[in-house]
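Here is the structure we will look at, set down as structure tokens.
The values are calculated or read from the model by the stated rules, or taken from the named source; none is laboratory data. These numbers were taken from a predicted model, which means no experiment stands behind them. All Cβ positions, even for glycine, are placed from backbone atoms using ideal geometry, and neighbour counts span all protein chains on display.
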Amino acid sequence: MDTGLTAAESRELDQRLQKRQVKEFMNLFGNLVDNCFTACVDDFTSKALSGRENGCISRCVMKSMSTQTRLGERFGELNAAMSNELSNKNI
Amino acid sequence: MDTGLTAAESRELDQRLQKRQVKEFMNLFGNLVDNCFTACVDDFTSKALSGRENGCISRCVMKSMSTQTRLGERFGELNAAMSNELSNKNI
Amino acid sequence: MDTGLTAAESRELDQRLQKRQVKEFMNLFGNLVDNCFTACVDDFTSKALSGRENGCISRCVMKSMSTQTRLGERFGELNAAMSNELSNKNI
Amino acid sequence: MSFLGFGKPQPTSAERISAVENELKVVAEMHSRMVKICTLKCIDKTYREGELAKGESVCLDRCAAKFFESHQKISEQLQKETAARGGGMGF
Amino acid sequence: MSFLGFGKPQPTSAERISAVENELKVVAEMHSRMVKICTLKCIDKTYREGELAKGESVCLDRCAAKFFESHQKISEQLQKETAARGGGMGF
Amino acid sequence: MSFLGFGKPQPTSAERISAVENELKVVAEMHSRMVKICTLKCIDKTYREGELAKGESVCLDRCAAKFFESHQKISEQLQKETAARGGGMGF
């Protein structure tokens, strides 16, 4: 993206984006825990995760990472296509 | 609302409120997309929206805007009534 | 927690934490309203809460506070145990 | 709307601005929660119509009134219970 | 992606940075909403497998495409309707 | 709790404060997610009683323990998988 910022502005922006990345990773991690815990843990007759729950969580994390990767690729493609379309319209 | 702020403070506040408005509009827009997509799109045998899905989304947006408007009016009335009640209590 | 901060840094941190506490209380209160309203209010043939709804909300608030307290205790214990484990690993 | 204790006299300029900003934030968040919850309670999810049905409109009005009543009731109960338990903001 | 009107020429340095930051925030939030919603629509919640099934992968691709199309469509409709109603950002 | 890599030595004062603030934010968010999810898993939504039933209390305790165990397990798996895939924070 052509941001039209000076070098100093870019540096300031970079710092803010790093903070945003940390925040986004924290959200992503939190959503992952919520999602896999909700889907996999339903037995409260003991206080330790059962073998079945452990397996489910582990598969859930793997599948969620693949989902994240795949959707990230699609998102990048679609976003690039949309940006092109919009800048063609604006010219 | 009587904010009890000086002119300079009011100006600073205005700037922050503008930022807040942008943020709230973004939330509102995001919730609208979530809500209408969840309600209307359920067929993943093709990658383009079907006529039925398009119609549903369009009606969903219209109805959501009316809902937003109507609830905004009620909220304003109820909030005014509550503020009056509270300031009467405090006097 | 040993934060390794100077006194001045601690003071600055305290101020930020107070803001955070206010924010967290607001979230907690908002979630409580959402949760108890969703669970207890389902009759929209009148615009005032019925006796049944009032009772349900009141019990919901009491139970939610007990839940909050109990989970707060468990969270404190588990978090302390985990911190100990981690610092033992790091030494 | 001062039920969360904002809007009390504050010394510095920054604090005065924060106080008003917080008060408006509480109102904005309450509004957004109300829209979400009353849409869920009142609006037909099939979106066969783009206009609000008569029944939906009436339901929204009553839902808004009940939401406010619940909000105020819960706020009062919370203050009473918190005082009785001698607890701070974390319940 | 400029459909929310960010990225227009802005005078001061702080505003230029904010504009780019907001634009990236909009994209990041859209991404995160898409992941949540397409996971819900496409991924089997039993997590019997740790790999994405063929059907799940295809569903994710189509869901991403439909999500983008919906996003753009809703954004355009919102602009038209808001203009027609003469309303501001709060609808 | 340092599993997200906060709390490492940081040069400037502002960064030191941010690091501690982030660490506490992670803990606070984890707490709030736990309350939401364990309330959903353990608390009877009819609210016929205002006191926690014995079964609910025990369920909360076990849910808290399992939530922590899941949190730690997922955090470790995420680190391993991310390293194995050579990916950054976006998976």
Checking C:E9, C:E24, C:E77 in turn, the sole residue that is surrounded by 13 or more Cβ atoms within 10 Å (Cβ to Cβ) and over 20 Å from the mean Cα position of the chain (by Cα) turns out to be C:E9
Answer with yes or no whether C:G4 is more than 25 Å from D:C63 (Cβ to Cβ) and outside any helix (DSSP H, G or I).
-> yes
Residue count, region C:7-57, condition farther than 21 Å from F:K36 by Cβ and either in a helix (DSSP H, G or I) or in contact with a Ser or Thr (Cβ under 9 Å, 6 or more places away or on another chain) (or both), comes to 20
Name every residue in region D:13-72 that is aliphatic (A, V, I, L, M), farther than 16 Å from B:L78 by Cα, crowded, with 16+ Cβ neighbours inside 10 Å and more than 7 Å from chain B (Cβ to nearest Cβ), in order of residue number.
-> D:A19, D:I37
Right, A:S64: surrounded by 17 or more Cβ atoms within 10 Å (Cβ to Cβ), more than 7 Å from every other protein chain (Cβ to nearest Cβ) and modelled with pLDDT of 95 or more or not?
-> yes
Would you tally the residues in region B:1-37 being facing chain E (nearest Cβ under 7 Å) and closer than 26 Å to B:M82 by Cα?
-> 2
If you take the residues in region C:37-72 that are under 23 Å from C:N27 (Cβ atoms) and of a type in the set (D, E, K, R), which one is farthest from the chain's Cα centre (by Cα)?
-> C:R59
Residues being at pLDDT 95 or above, part of a loop (DSSP other than H, G, I, E, B) and among the hydroxyl-bearing types (S, T, Y): count how many of those fall in region E:1-56.
-> 2
Of the residues A:L49, A:L86, which single one is without any contact (Cβ under 8 Å) to a residue 40 or more places away in the chain and farther than 30 Å from F:D61 by Cβ?
-> A:L86
